[in-house]
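What follows is one structure encoded as structure tokens, with my remarks underneath.
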Amino acid sequence: MVERVDINRLLLEMRTLKSQTQAFGVQPVDGKVAAPGGVAFGDVMSQAVNKVNEVQKVSSNLSEAYVRGDRSVDISEVMIASQKASVAFSAMTQVRNKLVDAYKDVMNMPV
């Protein structure tokens with residue numbers, strides 16, 4: 001049997017959610033959900049991915065310079081940069097996995 005939705009209860013829940021998001025300062029920006037500072041979530045994620053990319057490029061450049069025999073590059077610098085790149089990429093991967101799980105949870109919610 002199909003359960004009927006009480007429209008008044010649904011409207012009350014929607015108003016409650018709206019007031020909760022306003023309490024946290026979440027405002028839409030150009031159709032996107034934004035953080036209290038007015039920055040869209042997609043922009044924050046894009047900046048984070050670009051930062052990880054920069055860290056990996058620095059690591060790659062240092063390791064290539066060390067392999068070429070550049071005397072100004074120390075092995076400890078290369079190893080530290082490599083570890084930074086590894087940690088940054090692992091963190092980004094974990095965030096991506098959590099976002100995918102959250103998306104799946106939302107998509108599997110009954111309407």
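The values are calculated or read from the model by the stated rules, or taken from the named source; none is laboratory data. As the structure is a computational prediction, the values presented were derived from the model and not from experiment. Just so you know, the surface numbers come from the protein's heavy atoms only, side chains and all, with ligands and any DNA or RNA stripped out. Shrake-Rupley method; radii C 1.70, N 1.55, O 1.52, S 1.80 Å.
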Linear extension gain, E64 paired with D43, 0.36 nm per residue minus alpha-carbon span:
4.4 nm
Please state the relative contact order of region 54-111 as a whole percent: Cα pairs under 8 Å, 6+ residues apart?
34 percent
What does the accessible area of E77 come to, in Å² to the nearest 10, when a probe of 1.4 Å is used?
80 Å²
